[in-house]
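Have a look at the structure below, then the notes.
Just so you know, all these numbers are worked out from the coordinates, no wet-lab data involved. None of the values given here were measured: they were computed from a predicted structure. Neighbour counts are summed over all protein chains in view; Cβ atoms, including those assigned to glycine, are modelled from backbone coordinates with ideal geometry.
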Amino acid sequence: MSGFQSPRGLRDLLEPLASAHGWATDRAWAAADAAGYARIELPIAEESALFERAVGGTSDIVSKELYRLEPRGDDAVTLALRPEATAGAVRAYIQHGMRSQPQPVRLATVAQLFRYDRPQKGRYRQFTQFDVEAIGDAGPGIDLEVIELGAAYLRDLGLTDVQVHLNSVGCSACRPAYVESLRAHFAPVVRDLSEGDQSRLATNPLRLLDSKEPATVKRAASAPAITDHLCADCAAHHAAVVSGLATIGTTVLAAPRLVRGLDYYTRTAWEYLLPGEQGQQGALGGGGRYDGLV
């Protein structure tokens, strides 16, 4: 067996990291149990079409990072290793008739996830995620609950100065007009954008706010803020989340260009970061609403 190495982007967990990983997992389950979230174990693979529908066919996660498994025998369904946990949790919620239970349904899992991503500091192609889902409540109060649960978990791990970067990505009523304003904002510099970002400008301009390309990042810094384009309902929802977080003492920073990398988010979106950190590489976690999935 000599000569073999762990595949690129994958790693062995040795001591003391293995014990630290186990401790963090135990603390995650304890946080979920204390908050009343029912444990759920989901398959490590789902139909690839589930992620295409939920995450978005033009997202980097689906178009570039999904590990697809070739069908074998009589099985004509293409499976994919899960790149995130929400799509599977919503699928389970619908499949097992949880709509008939008292709402919201609170679910939690600690999942191994897989993305064909460029390996770099703090980012691997296989990773563990503590995931909580609260499904069936349209109000801002459930957003507060989930955001604070995540922040409290990180504080429990010793990250006492964690900050919440918060935004609203609107809804199907107000987002289209904002998307058009983004197209207009980037149009004068389209020739300066990479080929990939030119494609995103045509198909999904919101993704440009998440780009790492220098020309796009420079232009995005002066892009219009989606919070200035929210409909009345989304604006009221966002204001309630902001004021609610202020009352529970969580440090919140406005992040008007935060969109995260998943197309299913509506209204509230957030990330947890330490002071001075920026972008997804520095993010400790995050989340958002997904009213359109259910």
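Quick look at the values:
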| quantity | calculated |
| --- | --- |
| Within the chain, longest stretch free of exposed GluC sites (Glu not before Pro) [DSSP loop, at most 16 other beta carbons within 10 Å] | 42-276 |
| Translational diffusion of the range 175-227, µm² s⁻¹ [Kirkwood Rh, Cα pairs; Stokes-Einstein; 25 °C; 0.890 mPa s] | 229 |
| Net length gained if the chain between SER19 and ARG191 were fully extended (0.36 nm per residue, minus Cα distance) | 56.9 nm |
| Karplus (6.51, -1.76, 1.60) ³J(HN,Hα), θ = phi - 60°, over the range 178-190, in Hz, Gly and Pro reported as x | 5, 4, 5, 5, 5, 4, 5, 5, 8, 4, x, 10, 4 |
| The range 6-136 - percent relative contact order, Cα under 8 Å, separation 6 or more | 29 |
| For the range 155-251: rounded, prolate or oblate by the Cα gyration tensor [a/c cutoff 1.5] | oblate |
| DSSP-defined antiparallel bridges as percent of all bridges, the chain, nearest 5 | 85 |
| Cα point-scatterer Debye curve for the chain, base-10 log of I(q)/I(0) at q = 0.08, 0.12, 0.13, 0.15 Å⁻¹ | -0.36, -0.85, -1.01, -1.36 |
| Using θ = phi - 60° and Karplus 6.51 cos²θ - 1.76 cosθ + 1.60, couplings along the range 245-257 (whole Hz; Gly, Pro as x) | 5, 5, 6, 9, x, 7, 6, 10, 10, 5, 10, x, 10 |
| Of GLN95, MET1, ALA32, farthest towards positive along the dipole that unit charges on Lys, Arg, Asp, Glu beta carbons give the chain | MET1 |
| GNM result for the chain, Cα springs below 10 Å: residue of ASP210, ASP131, ASP228 fluctuating most strongly | ASP228 |
| Stretch in the chain that is longest and holds no trypsin sites (Lys or Arg not before Pro) that DSSP places in a loop and that have at most 15 other beta carbons within 10 Å | 122-211 |
| Simple Cβ-charge dipole of the chain, Lys/Arg +1 and Asp/Glu -1, about Cα centre, in debye nearest 20 | 600 |
| Other-chain or far-sequence residues with amide H under 5 Å of GLU46's (modelled H) | ALA80, ARG82 |
| Residue among PHE127, LEU193, GLY158 farthest towards the positive dipole end of the chain, charges placed on Cβ | LEU193 |
| Scaled radius of gyration (Cα, divided by 2.2 N^0.38 Å) that the range 6-136 gives | 1.15 |
